[in-house]
Amino acid sequence: MVGFPLGATTTDVKQYETRRVIYDGATEVDMVINVGALKSGDLAVVERDIAAVVSACKDCGVLSKVIIEAALLTDDEKVSACALSKAAGADYVKTSTGFGPGGATVADVELMRRVVGPDIGVKAAGGVRDYEALKNLVSAGASRVGASAGVKIVQESKGGAQSSATGAIPQKSAY
């Protein structure tokens, strides 16, 4: 991940980090936009950062994902971040690093999909804890979903029962 957690590193550092992780074997690069620059209205900084990372990825045939950290942004800021990502040629926009105060929401995914259209992926990440949430995010326009509860979600999708008290999968008795 480039620019983790708040994207506050400079453009040249982000571009170096991108090239470094690709050199180390990455086939996809997630970058965090400069949240502070976006919130202060300095769209030129955000645009330069995204373009530098996307360019390095394209040079090496690697996918680029731009994390906008939606929980920290207003809807107008989310629109700006997605529009800048689209203009730079990013492959995906992504809701969250998982480090911020909130994760993917249906409203954010719908907004992001509207802005980027059908040609760019939308990755919903952060706070996806069950199969129902995953289905809702995909219906809203997510083309990928990141979830630390992946095993539980897959088991739910296959009809596996969950223990509501612990969130654990009940084990079959050996008897």
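Only the coordinates and a few stated rules stand behind these numbers; no lab work does. Only a predicted model underlies this, so the values are computations on that prediction, with no experimental measurement involved. So basically every Cβ, Gly included, is an ideal-geometry build from the backbone, and we count neighbours across all protein chains shown.
Sorting 103-110, 151-158, 86-93, 117-124 by their mean Cβ neighbour count within 10 Å, with the most densely packed peptide first, gives 103-110, 86-93, 117-124, 151-158.
Within the P(r) computed for the stretch 56-137, what percentage of the Cα pairs occupies the region above 14 Å? Mind dumping the intermediate values first?
Values: 1958 of 3321 pairs.
Result: 59 percent of Cα pairs exceed 14 Å.
Taking every Cα-Cα distance in the stretch 1-154 and sorting them into 5 Å bins from zero, the calculated P(r) comes out as 2, 11, 21, 23, 21, 14, 7, 2, 0 percent.
Amide H to amide H distances under 5 Å link residue 73 with no residue, where only residues 5 or more positions off or on other chains count and H is placed in the peptide plane.
In order along the stretch 17-30, phi translates into HN-Hα couplings of 4, 4, 4, 5, 5, 5, 4, 7, x, 5, 10, 9, 10, 9 Hz, rounded to whole numbers, per the Karplus curve 6.51 cos²θ - 1.76 cosθ + 1.60 with θ = phi - 60° and x for Gly and Pro.
For the stretch 56-68, the Karplus equation 6.51 cos²θ - 1.76 cosθ + 1.60, evaluated at θ = phi - 60°, returns couplings of 4, 5, 4, 4, 10, x, 10, 6, 10, 10, 9, 8, 9 Hz by residue, with Gly and Pro reported as x.
Summarising the strand pairing of the chain, around 0 percent of its internal DSSP beta bridges are antiparallel. Can you return the lysines within cross-link range of residue 158? Criterion is Cα-Cα under 17 Å, with same-chain partners fewer than 8 residues away left out. Qualifying lysines at Cα under 17 Å: 135, 172.
Using Cα-Cα distances under 8 Å and only pairs 6 or more residues apart, what relative contact order does the chain have, in percent?
Computed over the chain, the figure is 15 percent.
By the rule of a C-alpha distance below 22 Å, with chain neighbours fewer than 8 residues away ignored, the lysines paired with residue 14 are 39, 58, 65, 78, 86, 94, 123. For residue 67, the amide hydrogen comes within under 5 Å of the amide hydrogens of 31, 32, 33, 94, counting only partners 5 or more places away or on other chains and with H modelled in the peptide plane. From its DSSP helices (H runs of at least four residues, each -39,500 (n - 2.57)), the chain gives a residue-normalised ellipticity at 222 nm of -14000 deg cm²/dmol.
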